[in-house]
Amino acid sequence: MTLTMLAPAEAELDYRRCRWCHSASAATCLLCPVCGSADLTPARACGQGTVQRLLRPTRRGPHLGRPYLIVLDEGFTVQAAVLGGLPGAVPIGARVHLVTSEEGGRVLTFRLASRP
């Protein structure tokens, strides 16, 4: 998955969509994880999604934040940090938007979206 920075507050993620079953997968996948087709087309996600769950921390070092599983509006999930709430206390179902990435796109960071 590749991060593209557009403006200071906007970011997008590249991914692939299967032409057969229309499921979304990471840009690094060579085959569709649902049907196994190799007929994948590149697409770009808007960077908006919903917090699905809190994960156990798996990394040590400078990135000790609690990772969350984020379901993007396009239908695939990513592991990312979430800013704008207490560490480990971001509510499930909260709307988030992509802010930035570190380590060449390996650590994604989302921010809680403001409530209307």
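Readers should treat all values here as calculations from the given coordinates under stated rules, not as data from a laboratory. Nothing here was measured: the structure is a model prediction, and the numbers come from that model. Quick reminder, even Gly has a Cβ in these numbers, built from the backbone with ideal geometry, and neighbours come from all protein chains shown.
Quick notes on this structure:
- Distance in nm between pseudo-label sites at Glu74 and Cys29 (7 Å out along the Cβ direction from Cα): 1.2
- In this structure, Ala113 and Arg19 have a Cβ-Cβ separation that, at R0 = 35 Å, corresponds to a calculated FRET efficiency of about 0.65.
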